[in-house]
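Following: one structure in structure tokens, then a few remarks.
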Amino acid sequence: MDIKRFDIYRKVPKDLTQPTYTGAIISVCCCLFILFLFLSELTGFIATEIVNELYVDDPDKDSGGKIEVTLNISLPNLNCELVGLDIQDEMGRHEVGHIDNSMRIPLNNGDGCRFEGHFSINKVPGNFHVSTHSASAQPQNPDMTHIIHKLSFGDKLQVQNIHGAFNALEGADKLSSNPLASHDYILKIVPTVYEDMSGKQRYSYQYTVANKEYVAYSHTGRIIPAIWFRYDLSPITVKYTERRQPLYRFITSICAIIGGTFTVAGILDSCIFTASEAWKKIQLGKMQ
């Protein structure tokens with residue numbers, strides 16, 4: 001039994017084929033088109049895509065119920081000896097004058113202060129605020145005008161394809177506000193997970209913010225102003241997963257590109273050749 005009988009790609013002798021200028025042009029265009037689509041598919045295969053999903057969960061269960069916070073804020077008209085950080089939450093935490101992992105840098109020849117702090121909060125509603133509450137002697141008229149350089153939660157995600165509100169208060173400028181006013185920033189914190197190609201996960205937090213400015217009074221007189229950050233956590237977690245196109249899908253796309261292009265080009269060439277031959281016969285008929 002001759003195995004060549006099973007050949008479905010039968011070869012036509014070269015002397016039975018006829019090359020044409022139209023076929024050559026279509027062939028060159030066909031090859032260029034295939035090359036363009038191949039490079040496009042190859043770029044898509046090499047590049048990674050970010051897929052996001054939403055679910056209800058506490059993603060970072062190994063954190064011990066804590067969220068790391070980074071705060072960087074400048075108060076150009078308040079002395080560093082008066083600036084302090086206070087932390088409160090619904091679990092009963094009430095810390096006045098938090099100083100661990102914090103730094104106060106004098107500004108404007110000591111008249112102002114830049115506060116940089118790194119601390120943790122519990123995963124329950126609460127607040128932290130910059131104020132003069134921890135000062136040994138309260139100033140008469142503390143000036144709480146400020147600029148927020150950074151307020152972020154969790155790990156820093158340096159991923160170009162993700163554009164989230166991880167530092168929504170960056171650049172918030174309240175220098176032109178009432179010096180005696182308090183400022184309330186209401187934060188809604190959204191847990192965020194990023195999983196790379198290796199399966200490693202990083203945990204961060206996005207947040208939305210609303211703010212108000214007011215001068216508070218009680219029956220004893222004006223209340224000492226402060227910069228409040230009141231936060232609550234969303235039960236919805238956002239997950240970003242880094243993925244790459246599977247190899248089999250890439251091979252399928254390449255086969256479809258090559259086969260489809262050659263088929264369409266062959267039909268086009270056949271139509272042009274048939275029309276050309278018919279036109280020649282018509283002309284010969286007229287000449288006779």
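Before moving on, here are some points about what is shown:
- Exactly one residue out of Y217, Y240 is more than 30 Å from C30 (Cα to Cα) and in contact (Cβ under 8 Å) with a residue 60 or more places away in the chain, and it is Y240.
- Positions within the stretch 40-52 being at pLDDT 85 or above and either touching an Asp or Glu at 6+ places or on another chain (Cβ under 7 Å) or open to solvent by 60 Å² or more (accessible area, probe 1.4 Å) (or both), in sequence order: T43
- Close pairs from the stretch 126-146: first within 11 Å of H98 (Cα to Cα), partner polar (S, T, N, Q) and crowded, with 20+ Cβ neighbours inside 10 Å, Cβ under 7 Å, at least 6 apart: none
- Selection from the stretch 100-139 of residues that are among the β-branched types (V, I, T) and over 16 Å from Q88 (Cα atoms): I105
- Inclusion of H98 among residues that are over 11 Å from E81 (Cα atoms), at pLDDT below 90 and surrounded by 14 or more Cβ atoms within 10 Å (Cβ to Cβ) is warranted.
- Residue that is least open to solvent (accessible area, probe 1.4 Å), among those in the stretch 113-138 that are more than 19 Å from Y185 (Cα to Cα) and touching a Gly at 6+ places or on another chain (Cβ under 7 Å): A135
- Among the residues listed as I87, I147, the single one being closer than 23 Å to Y205 by Cα and either open to solvent by less than 20 Å² (accessible area, probe 1.4 Å) or acidic (D, E) (or both): I87
- Lone qualifier among N211, N141 - being under 24 Å from L107 (Cβ atoms) and either crowded, with 16+ Cβ neighbours inside 10 Å or in contact with a strand residue (DSSP E or B) (Cβ under 8 Å, 6 or more places away or on another chain) (or both): N211
- Selection from the stretch 224-257 of residues that are among the hydrophobic types (A, V, I, L, M, F, W, C), surrounded by 12 or more Cβ atoms within 10 Å (Cβ to Cβ) and within 28 Å of I189 (Cα to Cα): I224, A226, I227, W228, F229, L233, V238
- Test: residue in the stretch 27-42 that is among the aliphatic types (A, V, I, L, M), in contact with a Ser or Thr (Cβ under 9 Å, 6 or more places away or on another chain) and on the phi < 0 side of the Ramachandran plot: yes
- Checking each residue in the stretch 101-110 for being surrounded by fewer than 14 Cβ atoms within 10 Å (Cβ to Cβ), out of contact with any Asp or Glu (no Cβ under 6 Å at 6 or more places or on another chain) and modelled with pLDDT of 90 or more picks out I105, P106, N108, N109.
- Candidates G199, G260, filtered to the one that is surrounded by 11 or more Cβ atoms within 10 Å (Cβ to Cβ) and not in a strand (DSSP E or B): G260
- Residue match in the stretch 174-190 (condition: among the acidic types (D, E), out of contact with any helix residue (DSSP H, G or I) (no Cβ under 8 Å at 6 or more places or on another chain) and in a strand (DSSP E or B)): yes
- For the stretch 59-78, the set of residues classified as over 25 Å from I105 (Cα atoms), in a loop (DSSP other than H, G, I, E, B) and either open to solvent by 70 Å² or more (accessible area, probe 1.4 Å) or touching a strand residue (DSSP E or B) at 6+ places or on another chain (Cβ under 7 Å) (or both) consists of P59, D60, G65, listed by residue number.
- Some residue of the stretch 160-173 being open to solvent by less than 50 Å² (accessible area, probe 1.4 Å) and in contact with an Asp or Glu (Cβ under 8 Å, 6 or more places away or on another chain): no
- Enumeration of residues in the stretch 250-271 that are within 21 Å of T48 (Cα to Cα) and either at pLDDT 90 or above or of a type outside the set (F, W, Y) (or both): I251, T252, S253, I254
- Counted residues, the stretch 1-31 - those being part of a helix (DSSP H, G or I) and surrounded by 10 or more Cβ atoms within 10 Å (Cβ to Cβ): 10
The values are calculated or read from the model by the stated rules, or taken from the named source; none is laboratory data. Since the model is a prediction, treat every value here as computed from it, not as a measurement. Here the Cβ is made from the backbone with ideal geometry for all residues, glycine too, and neighbour counts use every protein chain on show. Side chains included, ligands, DNA and RNA excluded: accessible areas come from the protein's heavy atoms. Shrake-Rupley method; radii C 1.70, N 1.55, O 1.52, S 1.80 Å.
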